[in-house]
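The values are calculated or read from the model by the stated rules, or taken from the named source; none is laboratory data. Model, not experiment: these values are computed from the prediction. Don't worry about glycine lacking a Cβ; one is built from the backbone with ideal geometry, like all the others, and counts go over all protein chains shown. When the accessible area is computed, the model is the full protein with side chains, heavy atoms only, and any ligands, DNA or RNA have been set aside. Shrake-Rupley method; radii C 1.70, N 1.55, O 1.52, S 1.80 Å.
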Amino acid sequence: MSDSTEHPTSSPSPPPPHLYLHPRREPFEHGLIPIPKLIFTDGTQTLAPLKHKLLLRSTPQTHSQTHRVDSAALSETLQISPDHARLVLDTLSAVLCSDCDEIESGGGADVDDLILFLYIQSYKRLLPRTHKDSAAVADVWPSTSAFDGYLSALSPLQLVRSNSRRFMPSQSDDEAHQLSYLQKHLANIISLLADSVEGESEESLVLTMEKFKHLEFLFYFGEKGLERIPLAQAAPFFANSDPDMPAAPVPATQVHDWLLQNIASALEHISERFSAKENGPPSSSDQDVPMTDACASSVKPSTSARGSSFIEGISKSSCLKQASDLQGSSVKVGNCHDSVIYILAPLRYATIYGCSDATIVLGAVGKAVRVEHCERVHVIAAAKRICIANCRECVFFLGVNRRPLIVGDNHKLQVAPYNTFYSQLEEHMNQVGIQATINKWDDPVALGVVDPHDSLSHPAGVSDVQAESATRLDPDQFTTFLIPNWFEGESSGSTESNPFQLPDVYMSSQLRNHNNLGEMKQILRETQLEESRKRELSTALHVYFKDWLYASGNIRQLYCLQGD
């Protein structure tokens with residue numbers, strides 16, 4: 001013990017008991033951009049000189065000892081378009097630990113944060129796994145598709161990439177994969193943050209407390225039932241430093257060894273958890289076990305103490321979640337089919353994955369939404385930004401402050417203005433910083449067809465092919481989506497109409513349809529018919545209405561009445 005007291009840099013201390021290191025999932029799930037010029041696979045060989053160039057073009061911030069670069073400097077340094085440079089900074093702001101008003105208001109990005117962001121662009125996602133119960137999936141997944149003929153003509157590689165019938169890896173799988181990536185690249189990552197001091201040995205690289213805190217972009221400590229603990233609070237290096245004096249830098253090797261030790265402990269813990277789950281009875285709270293055959297009155301999302309709620313396996317039913325039903329600020333909706341899902345809450349992140357023939361309503365998402373591998377899904381979302389990847393025949397009703405990002409292999413996507421409301425919508429939007437006066441629903445950005453971040457190999461050159469974008473929904477097909485007021489009298493929200501202003505062409509169409517309906521009602525009231533004719537007319541109207549329910553997908557809304 002005396003040795004560790006006399007030489008505090010020689011032996012890294014363990015974190016507090018029962019706390020394990022975790023990767024921050026947000027950069028890996030919402031921060032990867034499929035632009036080839038952003039992907040550096042040679043570690044520090046390119047990124048170290050690139051950092052030097054960025055520092056030369058940066059603006060020093062004396063109050064915070066940081067250097068910031070704007071989109072113009074980034075565009076020139078990386079040799080990318082100004083639009084792509086703005087997309088990089090916008091995406092970085094979405095996945096940083098804190099709310100980065102300086103980036104969003106044009107102040108630019110911190111160079112160290114930007115370099116870490118660029119480094120992880122080399123990450124390849126874990127391959128989707130097959131579903132545990134393929135028979136159950138066959139029951140809910142449509143047996144025929146407009147794309148079946150198209151898919152049969154594809155090569156096996158293209159077929160695998162185009163197949164939206166995938167299932168997301170378990171949370172433990174993803175976390176272990178991300179930790180292993182960080183373990184492999186840790187020495188490079190630390191060297192990009194470190195400062196040099198005089199000397200020729202490895203000890204010549206040191207990390208200041210300010211530089212060490214940048215690693216919080218990638219790591220945090222926490223465990224079940226506890227809040228996230230920032231890296232600097234759990235690290236022993238600066239724990240006893242005088243708050244009135246700058247903390248002394250520590251050798252980069254010490255930081256490296258301490259993090260490697262904690263990564264190894266975390267991976268071992270994940271492995272033990274997996275073994276216990278495999279050998280023991282399944283738990284209802286296991287975040288890796290999907291729910292099936294659930295209805296609105298009984299669905300309980302599985303939760304994670306690290307800030308996510310999971311809604312999985314809903315089939316031919318409905319699911320309503322409000323803020324009080326969710327744990328944390330992120331939601332993942334996965335493998336839901338032929339259902340209606342309402343998540344009426346303020347959120348930071350939302351992911352929709354592997355769903356088909358469903359309607360999913362997201363309340364207000366302040367950071368990012370990702371919709372991936374979905375087919376014939378209607379998504380209604382008020383959000384700061386949205387990314388759509390590898391989807392088919394989906395319609396997106398959007399109130400978004402940033403241009404929608406469309407990546408990967410998409411077909412027959414449609415976008416439309418936001419089309420619903422609930423009593424607390426504007427309150428939730430204010431909480432997460434969404435502006436109702438800005439809606440860029442009709443100005444999507446389409447990037448490459450091939451996503452270089454997945455784990456499949458790709459033919460050379462395909463990544464430069466632009467993805468299929470989305471078309472605007474025909475105004476005559478635009479309708480307002482009515483959210484049932486299940487809790488009338490209980491909620492205190494003030495929203496009484498759609499807070500996003502409809503474009504004139506959609507407003508005119510709605511007024512025209514409303515007037516036509518009024519005229520039709522008047523004609524029916526004034527028409528003199530015998531009882532038998534009235535019955536025939538009523539039957540015909542019911543048939544047409546039923547056909548419309550199925551053709552439009554609005555039959556799903558009737559699932560909401562099943563639990564009543």
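Worth a mention:
- Looking across segment 427-438, just one residue is surrounded by 20 or more Cβ atoms within 10 Å (Cβ to Cβ) and under 15 Å from SER497 (Cβ atoms), and that is MET429.
- Note on segment 307-344: residues that are open to solvent by 20 Å² or more (accessible area, probe 1.4 Å), among the charged types (D, E, K, R) and not in a loop (DSSP other than H, G, I, E, B) amount to 1.
Condition check ((1) surrounded by fewer than 17 Cβ atoms within 10 Å (Cβ to Cβ); (2) closer than 19 Å to LEU193 by Cβ; (3) in contact with a helix residue (DSSP H, G or I) (Cβ under 6 Å, 6 or more places away or on another chain)) across all residues:
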{"residue": "PRO27", "(1), (2), (3)": "no, yes, yes"}
{"residue": "GLY31", "(1), (2), (3)": "no, yes, yes"}
{"residue": "PRO34", "(1), (2), (3)": "no, no, no"}
{"residue": "ASP42", "(1), (2), (3)": "yes, yes, no"}
{"residue": "ALA48", "(1), (2), (3)": "yes, yes, no"}
{"residue": "LEU56", "(1), (2), (3)": "yes, yes, no"}
{"residue": "GLN61", "(1), (2), (3)": "yes, yes, no"}
{"residue": "HIS67", "(1), (2), (3)": "no, yes, yes"}
{"residue": "ALA73", "(1), (2), (3)": "no, no, no"}
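- Residue match in segment 160-174 (condition: at pLDDT 85 or above, closer than 26 Å to LEU127 by Cβ and not small (Gly, Ala, Ser)): yes
- Segment 210-237, subset open to solvent by 50 Å² or more (accessible area, probe 1.4 Å) and assigned to a helix (DSSP H, G or I), residue farthest from ALA266 (Cα to Cα): GLU210
The rows are residues; the columns are (1) under 20 Å from LEU87 (Cα atoms); (2) open to solvent by 10 Å² or more (accessible area, probe 1.4 Å).
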{"position": "SER356", "(1), (2)": "no, no"}
{"position": "VAL371", "(1), (2)": "yes, no"}
{"position": "ILE380", "(1), (2)": "no, no"}
{"position": "CYS387", "(1), (2)": "yes, yes"}
{"position": "ILE406", "(1), (2)": "yes, no"}
{"position": "HIS411", "(1), (2)": "no, yes"}
{"position": "VAL445", "(1), (2)": "yes, yes"}
